[in-house]
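Engineer: Can you read through this structure? Questions will come right after.
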Amino acid sequence: MFKNVIVRVPSSSISEGLTSANEGKPIYSKALMQHENYVSALTKTGVNVTVLEPQDDFPDSCFVEDVALCTSKCAIVTRPGALSRRKEAALPDMIAALEKFYENIEYIKDPGTVEAGDIMMVGDHFYIGLSARTNEEGAKQMIEILEKYGLSGQMVEMKEMLHLKTGLAYLENNNLLVAGEFKQAPEFEKFNKIEIDMEEAYGANCIWINDYVIVPEGYPVVQKKIEELGYKVLVVDTSEFRKIDGGLSCLSLRF
Ligand code: CIR
């Protein structure tokens, strides 16, 4: 069960967010509305939501998932691989929010880089994707910290996706949504894999919260497969975040 969620309201600079997509710039007013709907959906799952203020100096700062890993034992503040995002991790209001919930706060240090969108939690075990944003040194530090608290981690090679959770979502009960390069990955053989085709690959970035699954709007095959597994589904439009490579999981820290 998750009790708490932290989100950050998108800033007006969101149009300058990093992107590999060719879908135009996010429309700020629409992004704000979609973010409000996202917070409403989270609230329906029974969690307490902490909402942080927008940060104009950081166009990607609404993607709070990348700046910390929140475990059952500690929070680990990351060191983002994207230079324009590096200082997002140390924003005082984020650290203060984490301190409200955690006695133990750890930090990834130079030369390690980690963006926690590359980390998927399965119980006490954490899969850490080696991406253009998360390097081996960062993953090594992350595993050492996890082990200090009786948790465990392993690295996962990646070639194509931006972040590990761009193409994977763990829905608890051994159910794993998989898209793209992760369909054949040996690390995920033991899961009940729900494979998502290329046309709906973005829809694989769903989030499980307390028996609900939040699904992005516009991915009917993904939605149907999740409903067939028996989950309660909430649908949220994330079209403006998609324009800068962001999805549902990226927009919150859940713990
Ligand atoms: C970035 O490139 O960093 C942002 N535009 C998107 C971050 C998405 N975060 C995530 O997948 N966890």
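The values are calculated or read from the model by the stated rules, or taken from the named source; none is laboratory data. Note that the coordinates shown come from a computational prediction; the quantities given were computed from them, not determined experimentally. We place every Cβ from the backbone using ideal geometry, glycine too, and count neighbours over all the protein chains shown.
Engineer: Go through the range 214-250 and give me each residue that's within 12 Å of the ligand (Cβ to nearest atom), outside any loop (DSSP other than H, G, I, E, B) and in contact with a Pro (Cβ under 9 Å, 6 or more places away or on another chain). Quick ask: steps written out before the conclusion?
Structural biologist: Residues of the range 214-250 that are within 12 Å of the ligand (Cβ to nearest atom), as a first pass: 238, 240-250.
From what is left, the residues that are outside any loop (DSSP other than H, G, I, E, B) are 240-242, 249-250.
Those that are within 12 Å of the ligand (Cβ to nearest atom), outside any loop (DSSP other than H, G, I, E, B) and in contact with a Pro (Cβ under 9 Å, 6 or more places away or on another chain): 240, 241, 242.
Engineer: Another question, if that's okay. Can you name every residue in the range 1-22 that is within 12 Å of the ligand (Cβ to nearest atom) and under 19 Å from residue 163 (Cβ atoms)?
Structural biologist: 10, 14, 17, 18, 19, 20, 21
Engineer: Related question: I'd like the full set of residues that are hydrophobic (A, V, I, L, M, F, W, C), surrounded by 14 or more Cβ atoms within 10 Å (Cβ to Cβ) and either in contact with a Pro (Cβ under 6 Å, 6 or more places away or on another chain) or not in a loop (DSSP other than H, G, I, E, B) (or both), limited to the range 27-36. Before the answer, list the steps.
Structural biologist: Narrowing the range 27-36 to residues hydrophobic (A, V, I, L, M, F, W, C): 27, 31-33.
Pick out the ones that are also surrounded by 14 or more Cβ atoms within 10 Å (Cβ to Cβ) and you get 27, 31-32.
Within the range 27-36, 31, 32 meet the criteria.
Engineer: Looking at 140, 165 in this structure, which one is closer than 22 Å to residue 84 by Cα, part of a helix (DSSP H, G or I) and touching a residue at least 12 places away in the same chain (Cβ under 8 Å)? Break it down into steps so the answer makes sense when it comes.
Structural biologist: Details: 140 fails: closer than 22 Å to residue 84 by Cα.
Unique residue meeting the criteria: 165.
Engineer: Do we find a residue being surrounded by fewer than 21 Cβ atoms within 10 Å (Cβ to Cβ), modelled with pLDDT of 95 or more and either closer than 25 Å to residue 14 by Cα or within 16 Å of the ligand (Cβ to nearest atom) (or both) anywhere in the range 122-131? If you could, list the steps in order and put the result at the bottom.
Structural biologist: Here is the first cut: in the range 122-131, the residues surrounded by fewer than 21 Cβ atoms within 10 Å (Cβ to Cβ) are 122-125, 130.
Filter once more, so that each one left must be modelled with pLDDT of 95 or more: 122-125, 130.
Filter once more, keeping what is either closer than 25 Å to residue 14 by Cα or within 16 Å of the ligand (Cβ to nearest atom) (or both): 130.
Within the range 122-131, one or more residues are surrounded by fewer than 21 Cβ atoms within 10 Å (Cβ to Cβ), modelled with pLDDT of 95 or more and either closer than 25 Å to residue 14 by Cα or within 16 Å of the ligand (Cβ to nearest atom) (or both).
So that you can scan it fast, the table gives a plain yes or no per residue for (1) among the polar types (S, T, N, Q); (2) touching a Gly at 6+ places or on another chain (Cβ under 7 Å); (3) surrounded by 15 or more Cβ atoms within 10 Å (Cβ to Cβ):
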{"position": "175", "(1), (2), (3)": "yes, no, yes"}
{"position": "182", "(1), (2), (3)": "no, yes, yes"}
{"position": "190", "(1), (2), (3)": "no, no, no"}
{"position": "193", "(1), (2), (3)": "no, no, yes"}
{"position": "220", "(1), (2), (3)": "no, no, no"}
{"position": "228", "(1), (2), (3)": "no, no, no"}
